[in-house]
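Read through the structure below, which is laid out as structure tokens, and then see the notes.
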Amino acid sequence: AANNSSKISSHFSSMNFTVNRLASFSEEIRDSQLVQVTSGPQNEILVLTKSRDRGYAVHELMGDRWQMRLSLTSTNKDFGFVQPMPGGNLLLVDCRVSKSGGHNAYIYDEKAKEVRAFTAGDGIEHVQATSEGEIWVGFFDEGVYGRSIGAAGLVCLSDNGEVLFRFSDQIAEPHGVPWIDDCYALNVVDQDEVWLCYYSDF
């Protein structure tokens, strides 16, 4: 492991990186808890925050300014992910499903009205949407070895929660590829290209 680590360090030390500051979101998270900073399929930059009274806000970077996209008053939901959806809607997802079941994915319109809700699986580690509204969900081990659609390791859902793709059924089993124990990284490039990283050889 140490030998591999030194090779990786050597590789990156020979590369040049340019970092540009886009914006500060210190004002947007004042008196709130930062939940997630993420990007959308059109390179939208979103910040999800949670207030002390359990309300949620989503800000989007427009040029060099932040614009409030969504404000939800106090809720018993525990959102951890946000993604933009077609038509100006926003998807908010809780990584867990309660023991009694129920929904953990919610789509809201621009007026913070709930458009629809569905179950996206338990033990969610990643959520990324495409510009067409397909939702890719990667799961950590508790989701994979639980009792939800997370057993597939990675799924793609429609915007109403219909399962369009299961990694276990459509990749792992027919092609003899190892199953996902934990989806460590996910990058949905576009409608036709999805990258993920997982391994079980510890």
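The values are calculated or read from the model by the stated rules, or taken from the named source; none is laboratory data. Please read all numbers here as calculations on a predicted model, not as lab measurements. For neighbour counting, all protein chains shown are included, and Cβ atoms are generated from backbone atoms with ideal geometry for every residue, glycine included. For accessibility, only protein heavy atoms count, side chains too; no ligands or nucleic acids. Shrake-Rupley method; radii C 1.70, N 1.55, O 1.52, S 1.80 Å.
What to note about this one:
- Of the peptides 122-135, 51-64, the ranking by mean beta-carbon count within 10 Å, highest at the top, reads 122-135, 51-64.
- The distance linking the range 91-124 with the range 16-72 is 20 Å (Cα centroid to Cα centroid, whole angstrom).
- Taking the Kirkwood radius as Rh and the Cα radius of gyration as Rg, the chain has a ratio of Rg/Rh equal to 1.00.
- Distance between the pseudo-spin-label points of ASP181 and VAL19 (7 Å out from Cα toward the beta carbon): 3.3 nm.
- With every protein chain in place, the range 51-106: carbon and sulfur % of accessible area (1.4 Å): 46
- Residue separation of ARG54 and ALA112 scaled by 0.36 nm, minus their Cα-Cα distance, works out to 19.4 nm of gained length.
- Residue ranges 137-143, 43-49 sort as 137-143, 43-49 when ordered by packing (mean number of other C-beta atoms within 10 Å per residue, highest first).
- Segment GLU132-SER100, extension gain: residue separation times 0.36 nm, minus the distance between their alpha carbons: 8.4 nm
- For the chain, size of Cβ-based charge dipole, Lys and Arg +1, Asp and Glu -1, in debye: 640
- With all protein chains kept in place, the per residue accessible area of the chain amounts to 59 square angstrom at a probe of 1.4 angstrom.
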